[in-house]
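> My structure is below; once you've seen it, I'll send some questions.
The values are calculated or read from the model by the stated rules, or taken from the named source; none is laboratory data. Given the structure is predicted, the values throughout are model-derived calculations rather than measurements. In this analysis, Cβ positions are derived from the backbone assuming ideal geometry, glycine residues included, and neighbour counts consider all displayed protein chains. Keep in mind that these areas ignore ligands, DNA and RNA; they rest on the heavy atoms of the full protein, side chains included. Shrake-Rupley method; radii C 1.70, N 1.55, O 1.52, S 1.80 Å.
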Amino acid sequence: MLQTNDWCLIYSVGSGTCQWAAQMAKIQGYKVIGTCSQSKAAAVKQVGACDELIVLKEVEGMSYSDYGSVDIVGKVMDITNQKGVKCILDGVGKSTVDISLGCLAQRGLYVSFGNASGAVPAFPVLRLNAKSAFVTRPKLKDYVQDAEELMGRWGDIMEWVSGGMLKVSVDCVFDLEDVKEGHVYLESGKSKGKILYKI
C-alpha cells in the first residue's frame, strides 16, 4: 500500500508512542507530517522525525492539543500538493476522525489506534467511497501472534535503537510506589516522551 516517499500524517508526535511511530515511518522511507501542541514543538523538532510539523494551540487550561485551532486538512493538502496522505496514524480518536478522512489520499489508509479524546464514533462506510479509502483498528496481539513474530519485531526495534536510528526520549521516571502519580501525569497530556517506572 505504502511506497517510499509517500506522505503519512501522525497525530500527537509529542507523545512517546507517536514519537516512535514518526521515527519508524522515516526509517521505512516515508515522509512524515506530524501534529503536536505548542508546548511540545521544541522537543519534537529536537527528535527530528517529521518532515513537516503542524503546531496546534492547546485547549485552554489544559495541555491537550486543540485540533480545531488550525486547518489541518488545508495544511496537509498544501504540503502534499492537494493529494493528501497515504496513511494516517491516529491515537487521538473522536476529535480527529473527520479531519483524518479529509486528509486521506486516494486509496489512503486510516489507522485508528487510540481514544485520547474519546472513541471514534460509528460512521457509515460509504464515507470511504469518495477516496476508496481503507480504515483499520489494529491491536497488538494480532501483530505479535507468536514468539517468532514478537522476537522479529523486537529485533528490528533493538537494531534501530542500537544503530541510533530510533531515539528513546524519556520524559520522566517514577518509583513503582508512585504509579498513581505517573498515571495522573500521563493522563494530563503533559508528557514529552516515554514515562518509565523504576522497579
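> May I ask you to list the residues in the range 120-145 that are among the charged types (D, E, K, R) and in a loop (DSSP other than H, G, I, E, B)?
From the range 120-145, those among the charged types (D, E, K, R) are 127, 131, 137, 139, 141-142; that's our starting set.
Result: Arg137, Lys139.
> Here is a check on your reading of the model: is Ser95 open to solvent by 20 Å² or more (accessible area, probe 1.4 Å) and touching a Lys or Arg at 6+ places or on another chain (Cβ under 7 Å)? Break it down into steps so the answer makes sense when it comes.
Numbers: open to solvent by 20 Å² or more (accessible area, probe 1.4 Å): yes; touching a Lys or Arg at 6+ places or on another chain (Cβ under 7 Å): no.
In short, no.
> Just checking, does the range 106-119 include any residue being open to solvent by 20 Å² or more (accessible area, probe 1.4 Å), among the aliphatic types (A, V, I, L, M), in contact with a helix residue (DSSP H, G or I) (Cβ under 7 Å, 6 or more places away or on another chain) and without any contact (Cβ under 8 Å) to a residue 60 or more places away in the chain?
No, the range 106-119 has no match at all.
> Sticking with this structure for a sec: Just the residues that are under 26 Å from Met1 (Cα atoms), out of contact with any strand residue (DSSP E or B) (no Cβ under 7 Å at 6 or more places or on another chain) and hydroxyl-bearing (Ser, Thr, Tyr), please, taken from the range 135-179.
Matches in the range 135-179: Tyr143 only.
> Looking for something open to solvent by less than 40 Å² (accessible area, probe 1.4 Å) and over 17 Å from the mean Cα position of the chain (by Cα) - is there at least one such residue anywhere in the range 54-64?
First, pick out the residues of the range 54-64 that are open to solvent by less than 40 Å² (accessible area, probe 1.4 Å): 54, 56, 63.
After this cut, where a residue has to be over 17 Å from the mean Cα position of the chain (by Cα) as well, the list is none.
No - not one qualifying residue is present in the range 54-64.
> Would you tally the residues in the range 1-47 being assigned to a loop (DSSP other than H, G, I, E, B), open to solvent by 40 Å² or more (accessible area, probe 1.4 Å) and out of contact with any strand residue (DSSP E or B) (no Cβ under 8 Å at 6 or more places or on another chain)? Can you show your working first?
Our first condition is that a residue be assigned to a loop (DSSP other than H, G, I, E, B); within the range 1-47, this holds for 1-6, 11-15, 28-30.
Remaining after also requiring open to solvent by 40 Å² or more (accessible area, probe 1.4 Å): 1-5, 28, 30.
From what is left, the residues that are out of contact with any strand residue (DSSP E or B) (no Cβ under 8 Å at 6 or more places or on another chain) are 4, 28.
Residues in the range 1-47 being assigned to a loop (DSSP other than H, G, I, E, B), open to solvent by 40 Å² or more (accessible area, probe 1.4 Å) and out of contact with any strand residue (DSSP E or B) (no Cβ under 8 Å at 6 or more places or on another chain): 2 in total.
> Would you confirm, using the coordinates I've provided, whether Ser117 is of a type in the set (S, T, N, Q) and assigned to a helix (DSSP H, G or I)?
On the way: of a type in the set (S, T, N, Q): yes; assigned to a helix (DSSP H, G or I): no.
Judged against the criteria, Ser117 is not a match.
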